[in-house]
Each structure stands twice: as structure tokens, then as C-alpha cells.
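Input: a single structure, listed below in C-alpha cells.
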Amino acid sequence: MTSSIDRDDSSIFDGLMEEDEKDKAKRVSRNKSEKKRRDQFNVLIKELGTMLPGNTRKMDKSTILQKSIDFLRKHKEIAAQSESSEIRQDWKPPFLSNEEFTQLMLEALDGFFLAIMTDGNIIYVSESVTSLLEHLPSDLVDQNLLNFLPLGEHSEVYKALSTQ
């Protein structure tokens, strides 16, 4: 009788060992899949970080995602604003795009275009600012206009900005 009990115990033990091996194989497979997913995510985050304007320092993942969201929001706002303020076609030659016409007008006027929020935050700067102020547009965007003005002018400019 002991031999049949030993066989039963042995087969139960073998069955438990097989289940442990299956569980281990599942866990190893799941870990590989998770690592592959994390590695792919990290590659995409790194690529996204290289596409952000003004990327001069190493940023963590959450900073890259936040800056990407901010950039896309601004891009969406600017696109919506530019659609609503398209240049009338009779003002420009038909062979020029709106962007080319705007750039030529700014160069002819020896000026630049600056879009700011009521709090003074700069949201857009035309490329022509570089030749006039020796600043890249990407250096000025997300800065406050008051940072570039003498202290004595802050209150007057702030008052003008906040007047609706």
C-alpha cells in the first residue's frame, strides 16, 4: 500500500512542480513583454525630447511630456488664431503664401511681430526678431515681456497689457 501512496504523492509533487514551472515561464514572458514595452516607451520619450524647441538640457520623462503638451496647446492656439486672421487675398500677390507675405512685410518695415498674453507671457515671435534684437524666437517664447524692459517701464506696460 505504501507504494501506491508514494506514487500518488510523487505524481502530486510532479504536478505541483509543473505548475510552478508554468507560472515561472508565464512570469518570465510577462517580464520580457513589460521590459520591451518600457524600452519602447523610453525610446519614444527620448525622441520626443529631441523634437522640443530649446532642448538644451536633459529632461526627465514627465518634463518632456509636459513641455510637449504645452507646445501642442500653443501650436493649436496659434493655428486657430491664424485661421481666423488670414490675410485678405487682394492685399498680396497671389504667388506668395500668407507666411511669405507676412515675412516680406516685416522685413520691409524693419520690424518683428510679437504675440503676448495679458500677463506679459510671450507666445509667438517672428523670425525677423533675430536680425533686429539678436535673440532667437525660441529664446523669447515662454518668457515674460517685462523681463526685457527697464524696471521703470514695468507698471505702464503692465497697465497697458491688462486693459481690455
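Throughout, read-outs are computed from the coordinates displayed, never taken from laboratory work. Given the structure is predicted, the values throughout are model-derived calculations rather than measurements. Please note: Cβ atoms are built from the backbone with ideal geometry, for glycine as well, and neighbour counts cover all protein chains shown.
Kindly give the semi-axes, whole Å and largest first, of the ellipsoid equivalent to segment 86-162, taking each as the square root of 5 times a Cα gyration tensor eigenvalue. Please report the intermediate quantities before stating the final value.
Working: eigenvalues 154, 40, 23 Å².
Ellipsoid semi-axes (Å, largest first): 28, 14, 11.
Less than 11 Å Cβ to Cβ from I123, Lys/Arg counted +1 and Asp/Glu -1: what total charge do the surrounding residues give?
Numbers: positive: R73, K74; negative: D70, E77, D119, D142.
Within the 11 Å Cβ shell, the charges total -2.
List the residues, sorted by chain then number, that are 5 or more residues from Y124 or on another chain and whose placed amide H is less than 5 Å from its amide H.
HN-HN under 5 Å from Y124: A115.
Which distance in Å, rounded to a whole number, links the C-alpha centroids of segment 42-61 and segment 113-139?
Each part's Cα centre sits 23 Å from the other's.
Got a sec? Charge dipole of segment 86-162, +1 on Cβ for Lys and Arg, -1 for Asp and Glu; which of G152, L109, L132 is way out at the positive end?
G152
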